[in-house]
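Some notes on the structure that comes next.
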Amino acid sequence: MRTFLLLLACLVFAIVSVTGFRGTKTTRNPIEIFPDMVRQAKVKEQAPSFFFPNQRASRYPVLGTVPTGEDAARLPYLNTGMMGDRWGDGIPIPLTAGTLKKGQEGFGIFCSACHGSTGSGNGIVTQYGLVGVPNYHSEHTRQMPDGQMFYVITHGQGLMLGYGANLSVEERWAIVAYIRALQLSQNATLGDIPISERQQLGGR
Ligand code: HEC
């Protein structure tokens with residue numbers, strides 16, 4: 001009799017555990033014997049987080065992050081060179097002597113072999129048969145919007161490869177600024193030179 005009751009209890013338990021409470025809902029979490037990593041500490045967007053000093057869970061991307069795919073299309077002038085559906089103009093990073101220095105450095109490393117140190121399109125590689133390197137002092141390149149120049153550096157054009165993977169957004173804009181300085185150096189008038197500096201040009 002005892003064995004029978006025990007078996008019956010086991011049977012009832014088994015049936016209830018398999019079929020019982022089906023269709024009923026509960027807001028309580030199920031019992032997890034091995035939770036693995038199903039639930040982890042996290043914060044949701046727009047929610048506060050007391051981990052960061054400004055108590056926001058949403059963070060800006062790390063400086064120098066290169067956007068790809070859909071994100072790239074949504075990003076503003078700084079990352080694309082585009083304003084809406086046309087090229088933008090203007091250098092969207094602080095224009096300082098340091099910026100130009102950085103541009104000069106990047107240009108010397110990545111561009112001068114083809115474009116030449118003054119941007120005349122006569123870099124060392126042209127002596128070995130590369131043709132079609134444009135002269136930055138041509139009307140075409142002088143008229144090219146800054147945004148388009150940024151785009152060419154990022155993605156390349158014709159025989160020229162893109163440098164988006166080698167140069168950060170800031171470095172690319174610094175090079176655009178440096179190319180503008182090179183262009184100015186070949187087309188400047190006395191009026192472009194600050195009066196205090198003109199003395200050095202022979203006292204004129
Ligand atoms: C391997 C040689 C090579 C290197 C290195 C190179 N370029 Fe070029 N670049 C070219 C050639 C060739 C063209 C012309 C492409 C075309 O339109 O067919 C060009 C075109 C351009 C243009 C467009 C000019 C115009 O009027 O259409 C810009 C701006 C430019 N390069 C900037 C740069 C910068 C900045 C760098 C360095 C980050 C660089 N290039 C590195 C070969 C090179």
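The values are calculated or read from the model by the stated rules, or taken from the named source; none is laboratory data. What you are looking at is a predicted structure, and each value in this text was computed from that prediction instead of being measured. Here the Cβ positions follow ideal geometry from the backbone for every residue, glycine too, while neighbour counts run over all protein chains shown. Please note that ligands, DNA and RNA were not included when accessible areas were found on the heavy atoms of the full protein model with its side chains. Shrake-Rupley method; radii C 1.70, N 1.55, O 1.52, S 1.80 Å.
Testing GLU171 on (1) touching a Lys or Arg at 6+ places or on another chain (Cβ under 7 Å); (2) farther than 19 Å from ALA97 by Cα; (3) modelled with pLDDT of 95 or more; (4) open to solvent by 30 Å² or more (accessible area, probe 1.4 Å), one condition comes back false. Which one is that?
Evaluating GLU171 over (1) touching a Lys or Arg at 6+ places or on another chain (Cβ under 7 Å); (2) farther than 19 Å from ALA97 by Cα; (3) modelled with pLDDT of 95 or more; (4) open to solvent by 30 Å² or more (accessible area, probe 1.4 Å) leaves (2) as the failure.
So ILE93 fits all but one of (1) near the ligand (Cβ under 9 Å from one of its atoms); (2) under 26 Å from ALA188 (Cβ atoms); (3) outside any helix (DSSP H, G or I); (4) among the β-branched types (Val, Ile, Thr); what number is the exception?
The single condition ILE93 does not satisfy is (1).
Output the number of residues of the range 26-50 satisfying the condition of being surrounded by 10 or more Cβ atoms within 10 Å (Cβ to Cβ) and hydrophobic (A, V, I, L, M, F, W, C).
Number satisfying all stated conditions: 2.
For the range 132-165, which residues satisfy the criterion of being within 6 Å of the ligand (Cβ to nearest atom) and not in a loop (DSSP other than H, G, I, E, B)?
HIS140, THR141, MET149, VAL152, ILE153, GLN157, MET160
Just a yes or no: is a residue in the range 111-127 under 18 Å from the mean Cα position of the chain (by Cα), surrounded by 15 or more Cβ atoms within 10 Å (Cβ to Cβ) and under 29 Å from PRO61 (Cα atoms)?
no
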